[in-house]
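Okay, handing you the structure first.
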2 protein chains.
Amino acid sequence: MANSLTIGEVANRSGVAASALRFYEVRGLIRSARTAAGHRVYERSVIRRIAFIVFAQRVGLTLGEIEEELAKLPENRVPRRTDWARLSASWTARIDDRIAEL
Amino acid sequence: MANSLTIGEVANRSGVAASALRFYEVRGLIRSARTAAGHRVYERSVIRRIAFIVFAQRVGLTLGEIEEELAKLPENRVPRRTDWARLSASWTARIDDRIAEL
DNA sequence: ATGCATGTTCAAGCGCACTTGAAGTCAAGG
DNA sequence: CCTTGACTTCAAGTGCGCTTGAACATGCAT
């Protein structure tokens, strides 16, 4: 357990399938280290990152757009409350614009 | 022109491809009458309905969910501002819940 | 009357976001 | 030693939301 998680643990805690986690890694959305045996090892912070991805998807962003949003995060690679708030705000702004067009 | 629109006119005004409009019709999201020649004829109100569909998709609803939302509209089959507002409100509530979970 | 745009149906194809299956590796327990 | 189970890669398959192509009909201008 220590301070790292296996892909199975991350899948359980995040509710995202292991196959999806591997897919996100190929797409560059998350990263992992490897054990000597080649097994993926995740930092605990990856959970927050995954929660952010799931949330962003839920509100209609593509994985490409989510990648861009994550790239905007400065130094710290973990999305914080303010990042969620920013995404949420820009999203509701989009909605308001769309309604205004009507 | 009169009070009806061809599929091409609807496509131009809504920004949605004619092929997509036919697809929406098969899915039961919109309806059309036919000319003697078998060409689709739309009421002008379909534009609002399509705008609602596009908007709902943008915020992450599937066509199935959109169908349910449209089914909730009572007598008048055209979504009004209040319908948009309701969808928007329930959706931002879901977002806030999601953020609260974090 | 002859084009040419615009419309029709139906079947197949495509991009996205994964999932599933096959075949294999490795660590721990009986 | 050998099985069990969690992991690995890679290729192919799936469902959604359309798009594209083929083959054909119709409507309007020259």
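Just a yes or no: is a residue in region A:53-65 more than 8 Å from DNA strand C (Cβ to nearest atom), away from chain B (no Cβ under 13 Å) and surrounded by 15 or more Cβ atoms within 10 Å (Cβ to Cβ)?
No.
Here's a follow-up. For region B:72-83, indicate whether the set of residues that are in contact with a strand residue (DSSP E or B) (Cβ under 8 Å, 6 or more places away or on another chain) and among the hydrophobic types (A, V, I, L, M, F, W, C) is non-empty. Show your work before the answer.
Initially, region B:72-83 is screened for residues in contact with a strand residue (DSSP E or B) (Cβ under 8 Å, 6 or more places away or on another chain), giving none.
So far as region B:72-83 goes, no, none of its residues is in contact with a strand residue (DSSP E or B) (Cβ under 8 Å, 6 or more places away or on another chain) and among the hydrophobic types (A, V, I, L, M, F, W, C).
List pairs: first residue in region B:1-25 and of a type in the set (Phe, Trp, Tyr), second residue modelled with pLDDT of 95 or more and more than 10 Å from DNA strand D (Cβ to nearest atom) anywhere in the structure, Cβ distance under 7 angstrom, at least six positions apart or on different chains.
B:24/B:30
Filtering region A:4-48 down to residues that are touching a helix residue (DSSP H, G or I) at 6+ places or on another chain (Cβ under 7 Å), of a type outside the set (Ser, Thr, Tyr) and within 14 Å of chain B (Cβ to nearest Cβ), which residue is surrounded by the most Cβ atoms within 10 Å (Cβ to Cβ)?
A:47
Do we find a residue being within 12 Å of DNA strand D (Cβ to nearest atom), at pLDDT 90 or above and either under 27 Å from residue A:66 (Cα atoms) or in contact with a Cys (Cβ under 9 Å, 6 or more places away or on another chain) (or both) anywhere in region B:17-32? Explain how you work it out, then say what you get.
First pass over region B:17-32, keeping only residues within 12 Å of DNA strand D (Cβ to nearest atom): B:17-30.
Next, only the ones that are at pLDDT 90 or above stay: B:17-30.
Remaining after also requiring either under 27 Å from residue A:66 (Cα atoms) or in contact with a Cys (Cβ under 9 Å, 6 or more places away or on another chain) (or both): B:17, B:20.
Within region B:17-32, one or more residues are within 12 Å of DNA strand D (Cβ to nearest atom), at pLDDT 90 or above and either under 27 Å from residue A:66 (Cα atoms) or in contact with a Cys (Cβ under 9 Å, 6 or more places away or on another chain) (or both).
If residue A:102 satisfies every condition in (1) surrounded by 12 or more Cβ atoms within 10 Å (Cβ to Cβ); (2) modelled with pLDDT of 75 or more but one, which is the exception?
Evaluating residue A:102 over (1) surrounded by 12 or more Cβ atoms within 10 Å (Cβ to Cβ); (2) modelled with pLDDT of 75 or more leaves (2) as the failure.
If I ask for residues that are within 8 Å of DNA strand C (Cβ to nearest atom) and closer than 21 Å to residue B:79 by Cβ, which ones from region B:26-40 would you list?
Keep residues of region B:26-40 that are within 8 Å of DNA strand C (Cβ to nearest atom), which gives B:32, B:34, B:37-40.
B:32, B:40 - these are the residues of region B:26-40 that are within 8 Å of DNA strand C (Cβ to nearest atom) and closer than 21 Å to residue B:79 by Cβ.
Taking region B:66-99, which residues are exposed (fewer than 13 other Cβ atoms within 10 Å of the Cβ), at the interface with chain A (Cβ under 9 Å from one of its Cβ atoms) and at pLDDT 75 or above?
Hits for region B:66-99 are B:81, B:85.
The values are calculated or read from the model by the stated rules, or taken from the named source; none is laboratory data. Given the structure is predicted, the values throughout are model-derived calculations rather than measurements. Note: ideal-geometry Cβ built from the backbone for every residue, glycine included; neighbour counts use all protein chains shown.
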